[in-house]
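The values are calculated or read from the model by the stated rules, or taken from the named source; none is laboratory data. Since this is a predicted model, take the numbers as computed values, not measurements. Quick reminder, even Gly has a Cβ in these numbers, built from the backbone with ideal geometry, and neighbours come from all protein chains shown. The area values use the complete protein model at the heavy-atom level, side chains included, leaving out ligands, DNA and RNA. Shrake-Rupley method; radii C 1.70, N 1.55, O 1.52, S 1.80 Å.
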There are 2 protein chains.
Amino acid sequence: MPQQTLYDTITEIAKRRGFYWPSFDIYGGMSGFVTYGDLGTKLKRNIEAAWKEYFVRKQGFLELDDPVINPERVFQASGHLDHFKEYTATCTKCGKGFRADHLIEDATGLENVEAMGGAAIKRLLAEHKVRCPDCGGELREPALILTMFRTEIGATGGETGYLRPETAQAMFMSYRRGFSHAREKLPFALAQIGKVARNEISPRQGMIRIREFTIMELELFFDPLNPGCPWYSEMEGTVVMLYTEAMEADGVKEPLIVTLGEAVTQGIILTEWQGYFMGVSQAFMDLLGVPPEKQRFRAHLPEERAHYSAQTYDHEVLLETWGWTEISGCAYRTDFDLRNHMEASGLDMTVLREDGTRFVPHVVEPSYGLDRLMYVALEASYERKEKRNIFHLDRTLAPYQVAVFPLVTKDGLPEKAQQVKEMLLSKGFWVVYDEAGSIGRRYARADEIGVPLAVAVDYDTRDKGVLTIRDRDTWQQVSLSLAELPGALTAYYRGEKEFPDLGLPVNKK
Amino acid sequence: MPQQTLYDTITEIAKRRGFYWPSFDIYGGMSGFVTYGDLGTKLKRNIEAAWKEYFVRKQGFLELDDPVINPERVFQASGHLDHFKEYTATCTKCGKGFRADHLIEDATGLENVEAMGGAAIKRLLAEHKVRCPDCGGELREPALILTMFRTEIGATGGETGYLRPETAQAMFMSYRRGFSHAREKLPFALAQIGKVARNEISPRQGMIRIREFTIMELELFFDPLNPGCPWYSEMEGTVVMLYTEAMEADGVKEPLIVTLGEAVTQGIILTEWQGYFMGVSQAFMDLLGVPPEKQRFRAHLPEERAHYSAQTYDHEVLLETWGWTEISGCAYRTDFDLRNHMEASGLDMTVLREDGTRFVPHVVEPSYGLDRLMYVALEASYERKEKRNIFHLDRTLAPYQVAVFPLVTKDGLPEKAQQVKEMLLSKGFWVVYDEAGSIGRRYARADEIGVPLAVAVDYDTRDKGVLTIRDRDTWQQVSLSLAELPGALTAYYRGEKEFPDLGLPVNKK
């Protein structure tokens, strides 16, 4: 029997407890689509809220929410209609299509074949005599296929539309309004959390590459002659692992360990804004449970870089299953996009400087795939301890905040525990209640869905108004009075108090 | 010049300040799509959070998040492929298609023509000699057209898929997993907030009927022999305005004024669960600013009811622009959907009672269109006072919580105000900062985006650490110390303190 990987373990827990599972499974499924259950929906929402804490609220950036369906004109203007394509090899026998670069990677062990370009892909496919992985049939020469979902807008045959494959174009289309809402001052940013869809030819890797997913992305607009970031000083001392473009080109294996400030000064990172966002990004991954030594930033080589980018750093985290995995890109898009949309729309998107000169704002863009981050948060916080599964999710990310258990299901304890639950619900907490099985099993069930604190209601609660709080991470308990409970939990969830300080020590029974 | 309606006023403010505007407007627009700006995105998120407060968190219901794209098989099983159609009349001259029922309504003044059925629609269209509203051309006999967005899943020609037109099927497809996650106990509910798309033939009415929108919906599963709702007593005393099926059939104009409890007892409302959710719904609309006298519940007539429903009450609110407008439907779907999916999937969805009998759970479903609710919240909270626009949004819904203003832009006041802003940001508040123009204009700008409280930093703040809080709704001010500010605001936003009690009275300058 093949060994169960960590990915398998997490997938099993995710299905059984209700984080996520393959969509439409009662009708045979459809690869590339994921359904989030109760826990996954809540975890996703909490990661979104955390992203806004790190990237939007404190900076006062503006938010945006644009449709998923866009008319064709938009993707003509943005260049997607020409560029959002993949080399696809179709089988002459069974008719199935496959991404040519993936077929080559599987056959040769080469990495990042996509970046090598069409000629190399055609040559490698022929050289290695790659055949259909499904039926062994001969493959046609690969052709570029558009990988956006196509539809018709207007039920009686109106206009062609596509589901957006990214959210950035929405921010560029709304740039003029955003600038006006930002009181016509630079820098400002438009941030969006929204659904996108990519019509992947042959989706694989489970949660890492799906067809419909959520992006969290922001476009920061600034004057290239005034490129300072006001919060830069908060991040310039952050130490990061970096692979520069030159190191990538030379195949250097050891990363450069450097502060973001030094990297910006040396010109390895082109702008303060990229440096700032890379620092925020590292802190954000830290919140998800990924320590700095499992994070690195890797520059794109010129041939790998998107046509709009002057420099892109991928933020990668080390996963047990897939090795170094991209979770974010931080791109310096220059004025490429606004210039494009200015030309296509005929509208003026320039800004007037005090000295009378005009310019098109430049753009730095950090971008995240939310669904992938959810898997990262689960893998990074997972621990197997004494045959139990624990997700050490940060208290701000945990789907439920408090579990309430009666010690036994008699002598009025369930009724008392229900009162405690109702009281905590009235204070705004997300609460799970459980009275099935031994209290040890109930603690284990709560650990397995990452509930940070569990409140046990016992005879002391009934008789003296005293209860215990048990910590998911240390399995330690403290005791406190019923009256103190809501205040203690509020302080804990606002980050003002830590666990052992919520009450008095209790010897584990 | 035609008089400006309230809808026009709100639309103008929404565009200018950044609540929402027509999508793709830089490329000529596309009717039926709306873009949310910073304020709209935040207001929408707050309405979502409020819905979860009212319908999910306290009840401990389970959440779900399913893809928008579904394979055709799903809509075959659900019946959408046969039923999600509209009678469409196409012009013989210009080729444009129009909803036949809307054309008849415009031509005759009749209401709810859709419910009359196909034969009546064809007859009325011919009788009234309705012609193309665009070019005056003759219309073809109306035909049923599928109004789901169609696409292909798999870029190389895979399987037909559609964008879901509602979210309910997701809950039925996940029913078995949900039941397991609910520890195999009834009643339980699956709730979802998610995007849907309807390929409307000729969208109109701005924000009220759009092609891509968000639904907030829950499916409550219960045993029909044990139909009690544990929270029913909270709502049975709520007085509502009701139009029963019999009243509708008889054309009764005056509503029945009745408590939900009486209505359930008399069998006018079929189940406690509907009664409960209708009460919650009325309270939810109250939060959005709609008083009970502008709310009513109207039963669907049998011919108007969806094929799955044993009883549906629409919740309607009175809008200035469109009169009574449906914002929600509360449907008793019986076991129709689960039976359907059982048959189509071949999977068992029955539940075993303690007495050994088996049954298919019944379903009650309250359902909301979020985008429409956003317009309702804006219209219901709008006031024009002394030539100013004010949105009296509930404090839990307001896009920003606090505005910070320096009295003047000199003498160190902007620096002091920035410190206050940073302090409030660090405490987790959503803050706007404004120093442009007179302080009166700044208060007016904050009122126009519904900021409940504004903090003014003046010489007393600099010299004595005292500042003033000004209330959006009463325009009154109180003074308090800088040290007291975060505590006062926290108490206010948790609903523990009301405005004049946040400090000491100040005479308006």
message: To make sure I understand the rule: partners must be aspartates and glutamates, Cα under 14 Å from the Cα of residue B:464, and not fewer than 8 residues away in the same chain. Which ones qualify?
response: B:484
- prompt: Applying the Karplus parametrisation 6.51 cos²θ - 1.76 cosθ + 1.60 with θ = phi - 60° to the phi angles of segment A:81-98, what ³J(HN,Hα) value in whole Hz is obtained for each residue in order, glycine and proline being reported as x?
  reply: 4, 8, 10, 7, 9, 10, 5, 10, 9, 9, 7, 6, 9, 9, x, 6, x, 9
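Taking 0.36 nm per residue of sequence separation and subtracting the Cα-Cα distance, how much length would be gained by fully extending the chain between residue A:344 and residue A:253, in nm to one decimal?
Details: separation 91, 0.36 × 91 = 32.76 nm, distance 4.33 nm.
Difference between extended and current length: 28.4 nm.
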- prompt: Since chains A and B are linked by a rotation, which residue in A has the beta carbon closest to its axis, and how far is it in Å?
  reply: A:151, 2
query: If you keep only loop residues by DSSP, which chymotrypsin sites (Phe, Trp or Tyr not before Pro) in segment A:185-244 have at most 16 other Cβ atoms within 10 Å of their Cβ?
result: A:231
- line: Shortest first and in nm, the label-point separations between residue B:3 and its counterparts in the other identical copies (7 Å out along Cα→Cβ) come to 7.9
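From the cross-link list B:385/B:497; A:58/B:427; B:15/B:387; A:195/B:58, which pairs have alpha carbons spaced over 22 Å apart?
On the way: B:385/B:497 26 Å; A:58/B:427 10 Å; B:15/B:387 19 Å; A:195/B:58 28 Å.
Violating the 22 Å Cα-Cα cut-off are B:385/B:497; A:195/B:58.
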- prompt: What are the DSSP H helices in chain A that stretch 18 Å or more along their long axis, judged by alpha-carbon atoms, and whose average Kyte-Doolittle hydropathy comes to at least 0.0?
  reply: A:272-287
Surface accessible to a 1.4 Å probe, per residue, for the residues of segment A:345-500, Å²: 39 Å²
query: Can you give the relative contact order of chain B as a percent, counting alpha carbon pairs under 8 Å and 6+ residues apart?
result: 12 percent
task: Report, for residue A:144, each distance to the same residue's label point in the other copies, shortest first and in nm; define the point 7 Å along Cα→Cβ.
output: 4.4
task: Would you kindly enumerate the cysteines in chain B that have no other Cys beta-carbon under 4.7 Å from their beta-carbon?
output: B:229, B:330
field: Where GluC sites (Glu not before Pro) fall in DSSP loop in segment B:401-509, at most 15 other Cβ within 10 Å
entry: B:496, B:498
- prompt: What are the lysines whose alpha-carbon lies under 18 Å from the alpha-carbon of residue B:85, with same-chain residues fewer than 8 places away excluded?
  reply: B:96, B:122
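On the accessible surface of segment B:1-160, probed at 1.4 Å, how many percent belong to carbon and sulfur atoms? Mind showing how you got there, number by number?
Details: 3290 of 6760 Å².
Whole-percent figure for carbon plus sulfur exposure: 49.
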For residue A:473, label point 7 Å along C-beta direction: distances to other copies, nm: 4.1
Computed FRET value (nearest 0.05) for residue A:16 with residue A:286, which takes r as the C-beta separation and R₀ as 51 Å: 0.95
field: Test item: B:31-40 mean partner chain Cβ contacts at 10 Å
entry: 6
statement: Filtering GluC sites (Glu not before Pro) in segment B:157-191 by DSSP loop and by at most 11 other Cβ atoms within 10 Å leaves B:184
query: For labels at residue B:501 and residue B:160 in the simple 7 Å Cα→Cβ model, what's the distance in nm?
result: 6.2 nm
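Could you work out [θ]222 nm for the protein assembly as shown from helices alone, using -39500 (n - 2.57) per DSSP H run of at least four and dividing by all its residues? Round to the nearest 500 deg cm²/dmol. Walk me through the numbers on the way to the answer.
Working: 35 runs with 322 residues, N = 1018.
It comes out at -9000 deg cm²/dmol, rounded to the nearest 500.
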message: Using a 7 Å offset from the Cα along the Cα-to-Cβ direction at both residue A:441 and residue B:385, what is the distance between the two label points in nm, to one decimal?
response: 5.9 nm
- prompt: Excluding same-chain residues fewer than 8 positions from residue A:253, which lysines have a Cα within less than 24 Å of its Cα?
  reply: A:294
query: Gap in Å between the Cα centre of segment A:25-41 and the Cα centre of segment A:193-259?
result: 28 Å
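Which value, in square angstrom to the nearest 100, describes the accessible area buried between chains B and A on both sides, using a 1.4 angstrom probe? Can you show the working numbers first?
Numbers: alone 23890 and 23910 Å², together 40870 Å².
Using a 1.4 Å probe, the pair buries roughly 6900 Å².
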